[in-house]
Amino acid sequence: MKILDKYLLKTFLTTFTMVFVILFFIFILQSVWLFIAELAGKDLDLVMVLKFLLFAMPRIVPLVLPLSVLLASIMTFGNLAENYEFAAMKSAGISLQRAMKSLIIFISLLSIVAFLFANNVIPYAEYKFINFRRNIAQLKPAMAIAEGQFSDVGLFTIKVNKKSGNNGNILTGITIHKKSAMGDGSKTVIRAKNGELISSEKSSTLQLVLNDGYYYEDVTPKNYEDRKKVPFAKSSFKKYIINIDLSKLNAVNVDDASISNTNTMLNLSELTYTLDSLHKNRDTDILSFSENINQRIGIPRNTTVLSPLPKNKTLKPLPNNILSLYKADEQLTILKFAATTVESTMFSIEGTNVELNNKQKNINGHILAFYDKFVIAFACFLMFFIGAPLGAIIRKGGLGLPIVFAVLIFISFHFINTFGKRISQEDQLAPFLGAWMSSLILSPLAILLTYRATNDIGLINLDILMAPLQKIFQKVFPPSK
């Protein structure tokens, strides 16, 4: 390795390490801020808090790493251009591509490491992080009830507007959905102005005392037509006590890891296997639904060719109005039955359509997770080939202008990436395009900047803009002879 390569590599690594540590620390503080409600005042020891943060750290790397490469590239090459070191290199016959050679090798190795990290470390950390949060929530039932969102506690889903008290046991603005034990889809909703969680270390029962509220419960009539009216029972109470069995919740091992089915926890081989299963499951549901619909409307499962009629027999022509063959009361019965059948079939189609759409969204999420592992590796390359020529063009180092450019470019990259993944998740765009949208849009920018930096062209060529204006000005105001 030549002295120039060593110098450039050392300069870039020093800047990259400093930027990565600073940005990583900033994003860690953001994570602490996001989860402060789950950590503060919950009587958790230091080891559990450190475990919580340790499992949360790897998910930050896909955000910090590309931004660090971009900012370090702009700062490094900006400093070299600002101090006329690039001018000295070019006078010695060293081009920009030659100067970037050692750094390209380093970025290639960094991209491989980023891919391996995204494929192995991040899924494992996500696996531990989600299970660790769930286990802490079960170990500390009061912690499981978060403000402003629904939280599962036993057979209940509880939402509170505000928590107060030393242990967060005083609740205000309570909404509770009770899960149906029969699985028939009936709903029970309890609302109360305030309440209190009462627990004891000697008891395995958690008491939720509710004050001044209402109790709503769906009533499911036996008659199908009466169900359209959606009847329910309502009662009010001054004080209502709900006992929640904690015998299963308290038997918790914080190192247990039973949740393992989310797409962020899977590596490439596991995602490939899961996607194959999800596609087969969806295809089976479509086939099963089509067969059920055919049977419901009278089409047999296995249709056979009917035997031809004898030559001496002919079918009687049917009247234009088939109902005219029946009596008035029979016609009314037939029409009611047909209307009920159509309504039931449409309801079944709509329900199945929603279920199939949810399954397709789940498939899309797994496909996006599959491509994300490659996107982070390519993002390191992309950000380097944007940052390095941009720094050489603007000829500014330090923490001023480079940070402005880096933030603008990275925000654009992150916004496009998030937008593409969101619309792909909703099945409005192919997952491949959604995952790679940001890279496809910014790749021409990297090529353009590299070309302009190689040929010593500025960031914006004002001559291209000014030349047409000068011609127009000369035609309108010709020079005097």
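Nothing in this text is a laboratory measurement; each read-out follows from the coordinates by a stated rule. As the structure is a computational prediction, the values presented were derived from the model and not from experiment. Neighbour counts run over all protein chains shown; Cβ positions are idealised from the backbone, glycine included.
The modelled label-to-label distance for the pair Y84/T14, using points 7 Å beyond Cα in the direction of Cβ, is 2.1 nm. Projected label points at K238 and N211, each 7 Å from Cα along the beta carbon direction, are separated by 1.2 nanometres. A straight chain from V49 to Q360 at 0.36 nm per residue would run longer than the Cα-Cα distance by 108.3 nm.
Taking a point 7 Å out from the Cα of A92 in the direction of its Cβ, the residues of the range 8-37 whose backbone N falls within less than 12 Å of it are 8. Pop the C-beta distance of T272 and N292 into the FRET formula with R0 = 25 Å and round what comes out to the nearest 0.05. Calculated transfer efficiency: 0.20. Converting phi to 3J(HN,Hα) with the Karplus coefficients 6.51, -1.76 and 1.60 and the offset θ = phi - 60°, the range 440-452 yields 5, 6, 8, 4, x, 5, 5, 5, 5, 5, 5, 5, 5 Hz in sequence order, with x at every glycine or proline.
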